[in-house]
Amino acid sequence: MRVESFLERRAADTADKTALISGERRLTYRELDHLAAGLADRLRGFGLQRGDRVAVFMENCPEAVATIFGVLKADGVFVMINPTTKAQKLSALLQDCRPVAVVADNRRLPTVVESAASVASVRGIVVAGGDGNVEMPGGVAALTTFPSLADVYPPPTWKRGIDLDLAALIYTSGSTGKAKGVMLTHRNMVSAANSITTYLQNRADDIILNVLPLSFDYGLYQVLMSVQFGGTVVLERSFVYLHAVLETLRRERVTGFPIVPTIAALLLEIDLAQYDLSSLRYITSTGAALPTAHINELRRCVPHAKMFSMYGLTECKRVSYLDPADLDRRPGSVGRGMPNEELYLIDSDGTRLPHGVGELVVRGSNVMQGYWERPEETAQVLMPGPLPGENVLRTGDTFRMDEEGYLYFVGRRDDIIKTRGEKVSPREVEDVLHQLDGVAEAAVIGVPDPILGQAIKAIVVARAGACITEQDVFRHCGSQLEDFMVPHTIEIRDALPKTPNGKRDYRALLADESLAAPRTT
Amino acid sequence: MQTMEQQTIERDIRQFVIANFLFGEDNGSLKADESFLETGIIDSTGVLELVAFLESTYGFRVRDNELTPDNLDSLDKVAAFVRRKQAA
């Protein structure tokens, strides 16, 4: 089965049901499918062939959802790009995946035009909203507007691909500092969606409130899964105005609310008792560990909603979930594997352990095909599974597994920072810091933060004679990095601590932080 | 015509937003009626920082149900919100 068939089934069976609510706009399944078909037609018009990539650079809006399904209808591979990505990084991503087309909203068009000029593969740009009147430099790419509901298209003439074809590349931060495209087939995505909707017991009358960006796989799957089980998604652009979001939750009688720990922390800052949350059937949390105290506080405020604490990796979408019935018996556990997925631990020799402590391995049809055009990095995480031709995923994370298979997080192999539920490579931020004139050296670490989980801290050493202020550094980072990667605090120092062999001593920097941190006991 | 006090309020809010969300850079691009949400100037933690600033600077309490785009989503809206709160 392919992912776009989720939508095509709905458009056949429940065509008039509301698929999507976004502000004042409501789209039925028929309308969503029509927009997707229109986009597929536009993309084929640019010459898109089976397996060609299409970059999607938009904030959360109905057109972004139609684009995902439209790219798949056209037999392409969609690549979601964080809407706060700056021009230089966008160029690097486009050069990496070489899309045939970019679909953007009007606000982001200038950035696309600037970035796509250096990417020869881009033959067309589709722009949603605005009048589409933009001068294209060099005339390399054709510009066209997003299809409308009134447009009529000829039926598709191309032969549809199969479920072993790639459906998406999802970029994720790696320890090298360069984002890697996680290759997912239709089968990978359908399998992950099936497993998740099974344990959440989703039903066609579920209404999901999605405040997470669609460039984040957790946000993306809310839409894919809702279309799969025939529910309704309320799409918010962000989780900025708490009261407005909670009013939307009440007004639309939302049943499912996916959050990250940062959102949980923000929700607990306000008095939830004044809101009508009676429609909520469940809350899910992933992206980073949700502190047990927050889980319990949320359960107290919304006692009728089931709390699902989960753990995942883009490389296989989701790893585990803790059944709400187990919350009190196994506090701190991220639960067990999803339906149709096998989890086990290996020791440092790669030998399978019955239980105990080891590196977690994931086996299932949700495991990615590898990192796009990065065979060496792929070989570090994918290893042969028990059957010929099968790969299993090494998570790089160390867990303790009890005799019943419940998992407890122990530590990470790499130094990736988790902030607001998103992964940030310290190397990527350091690379940007080193580009700033006057910076001799920079180190980036994650420090504990009650709201963000980890806050990004940059320690910067100025070149001799150079004068850099914290504000210079903030401004530079803000102009180059996605919003969630911009350091939260910046410290200018005379020197960085070094290990005996002259490397930056991150442990010493982290130790400084724990000394400076206020005691909470 | 705006009073001196109103102008001061608007200036102070603008300075706070520029210093905290635009990395101190004011190249004249921040328009008074521009949506913080649409331009991505403020995120969810930023809104709480803005609220903390308003509470400490103007000495009123922002209630949870006032955390809406109508009150907080542009320089103009924040200034109008402060005036309403001060008049109340």
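Is segment A:389-410 home to any residue that is under 20 Å from the mean Cα position of the chain (by Cα) and not assigned by TED's automatic domain parsing to the domain that holds residue A:220?
Scanning segment A:389-410, I find no residue that is under 20 Å from the mean Cα position of the chain (by Cα) and not assigned by TED's automatic domain parsing to the domain that holds residue A:220, so the answer is no.
Only one of these is closer than 27 Å to residue A:258 by Cα and in the same structural domain as residue A:480 (by TED's automatic domain parsing): A:429, A:367, A:424. Name it.
Checking each option against the conditions leaves just A:424.
When you check residue A:42 against the structure, is it more than 21 Å from residue A:155 (Cα to Cα) and touching a Pro at 6+ places or on another chain (Cβ under 7 Å), yes or no?
no
For residue B:70, are the conditions met, namely being at the interface with chain A (Cβ under 10 Å from one of its Cβ atoms), closer than 30 Å to residue A:83 by Cβ and charged (D, E, K, R)?
Spelling it out, residue B:70 is indeed at the interface with chain A (Cβ under 10 Å from one of its Cβ atoms), closer than 30 Å to residue A:83 by Cβ and charged (D, E, K, R).
Any residue at all in segment B:8-19 that's within 11 Å of chain A (Cβ to nearest Cβ) and surrounded by fewer than 18 Cβ atoms within 10 Å (Cβ to Cβ)? Spell out the reasoning first.
Our first condition is that a residue be within 11 Å of chain A (Cβ to nearest Cβ); within segment B:8-19, this holds for B:18-19.
With surrounded by fewer than 18 Cβ atoms within 10 Å (Cβ to Cβ) added as a condition, the list becomes B:18-19.
Yes: one or more hits.
Being assigned to a loop (DSSP other than H, G, I, E, B), exposed (fewer than 14 other Cβ atoms within 10 Å of the Cβ) and either touching an Asp or Glu at 6+ places or on another chain (Cβ under 7 Å) or at pLDDT below 90 (or both) is true for just one of A:519, A:507. Which residue is that?
A:519
Please give the strands (runs of 3 or more DSSP E) falling wholly within segment A:24-125 in which 3 or more residues are under 24 Å from residue A:162 (Cβ atoms) and under 19 Å from the mean Cα position of the chain (by Cα).
A:53-57, A:77-80
Return a yes/no flag: does segment B:12-21 have any residue that is outside any helix (DSSP H, G or I), over 20 Å from residue A:477 (Cα atoms) and at pLDDT 80 or above.
no
Name the single residue, out of those in segment A:453-467 being at pLDDT below 90 and buried (at least 16 other Cβ atoms within 10 Å of the Cβ), that is nearest to the other protein chains (Cβ to nearest Cβ).
A:453
Quick test of your reading of the structure: residue A:50 fulfils all but one of (1) touching a residue at least 40 places away in the same chain (Cβ under 8 Å); (2) surrounded by 20 or more Cβ atoms within 10 Å (Cβ to Cβ). Name the failing condition by number.
Unmet condition: (2).
Go through (1) closer than 25 Å to residue A:481 by Cα; (2) out of contact with any Gly (no Cβ under 6 Å at 6 or more places or on another chain); (3) at pLDDT below 90 and name the single condition residue B:50 misses.
It is condition (3) that residue B:50 fails.
Which residue is nearest to residue A:225 (Cα to Cα), if the candidates are limited to segment A:10-40 and must be touching a residue at least 40 places away in the same chain (Cβ under 8 Å) and among the basic types (Lys, Arg)?
Among residues in segment A:10-40 that are touching a residue at least 40 places away in the same chain (Cβ under 8 Å) and among the basic types (Lys, Arg), the one nearest to residue A:225 (Cα to Cα) is A:10.
Of A:184, A:169, A:143, which residue is modelled with pLDDT under 95, assigned to a strand (DSSP E or B) and farther than 30 Å from residue A:253 by Cα?
A:143
When the residues of segment A:245-272 are narrowed to those that are touching a helix residue (DSSP H, G or I) at 6+ places or on another chain (Cβ under 7 Å) and of a type in the set (Gly, Ala, Ser), which ends up surrounded by the fewest Cβ atoms within 10 Å (Cβ to Cβ)?
By that ranking, first place goes to A:264.
Before we move on, is residue B:81 in contact with a Gly (Cβ under 7 Å, 6 or more places away or on another chain) and crowded, with 16+ Cβ neighbours inside 10 Å?
No, not satisfied.
Residues in segment A:478-494: is at least one at pLDDT below 85, in a loop (DSSP other than H, G, I, E, B) and either outside the structural domain of residue A:290 (by TED's automatic domain parsing) or polar (S, T, N, Q) (or both)?
Within segment A:478-494, none of the residues are at pLDDT below 85, in a loop (DSSP other than H, G, I, E, B) and either outside the structural domain of residue A:290 (by TED's automatic domain parsing) or polar (S, T, N, Q) (or both).
Out of the residues in segment A:431-452 meeting the condition of being surrounded by 20 or more Cβ atoms within 10 Å (Cβ to Cβ) and out of contact with any His (no Cβ under 9 Å at 6 or more places or on another chain), tell me which one is farthest from residue A:314 (Cα to Cα).
Among them, the one singled out is A:443.
Taking segment A:250-302 as the region of interest, how many residues are hydroxyl-bearing (Ser, Thr, Tyr), within 14 Å of another protein chain (Cβ to nearest Cβ) and over 20 Å from residue A:218 (Cβ atoms)?
1
Can you name the strands (runs of 3 or more DSSP E) wholly within segment A:331-440 that have at least 1 residues being touching a Ser or Thr at 6+ places or on another chain (Cβ under 7 Å) and in contact (Cβ under 8 Å) with a residue 60 or more places away in the chain?
Counting at least 1 such residues, we get A:342-346, A:407-412, A:422-424.
Can you find, within segment B:30-47, the residue that is farthest from the other protein chains (Cβ to nearest Cβ) among those that are more than 22 Å from residue A:105 (Cα to Cα) and modelled with pLDDT of 85 or more?
Across segment B:30-47, the extreme among qualifying residues is B:32.
State whether one or more residues within segment B:53-60 are buried (at least 18 other Cβ atoms within 10 Å of the Cβ) and at the interface with another protein chain (Cβ under 10 Å from one of its Cβ atoms). Break it down into steps so the answer makes sense when it comes.
Step one: filter segment B:53-60 for residues buried (at least 18 other Cβ atoms within 10 Å of the Cβ), giving B:54.
Narrowing further to those that are at the interface with another protein chain (Cβ under 10 Å from one of its Cβ atoms): none.
No, every residue in segment B:53-60 fails to be buried (at least 18 other Cβ atoms within 10 Å of the Cβ) and at the interface with another protein chain (Cβ under 10 Å from one of its Cβ atoms).
Can you say whether residue A:152 is at pLDDT 85 or above and part of a loop (DSSP other than H, G, I, E, B), as far as the supplied structure shows?
yes
In this structure, is residue A:182 closer than 24 Å to residue A:419 by Cα and in the same structural domain as residue A:321 (by TED's automatic domain parsing)? If you could, list the steps in order and put the result at the bottom.
Values: closer than 24 Å to residue A:419 by Cα: yes; in the same structural domain as residue A:321 (by TED's automatic domain parsing): no.
Taking the combined requirement at face value, the residue does not satisfy it.
The values are calculated or read from the model by the stated rules, or taken from the named source; none is laboratory data. Everything quoted here is computed from the prediction, not taken from an experiment. Ideal geometry is used to build each Cβ from the backbone, glycine not excepted, and the neighbour counts take in all protein chains shown.
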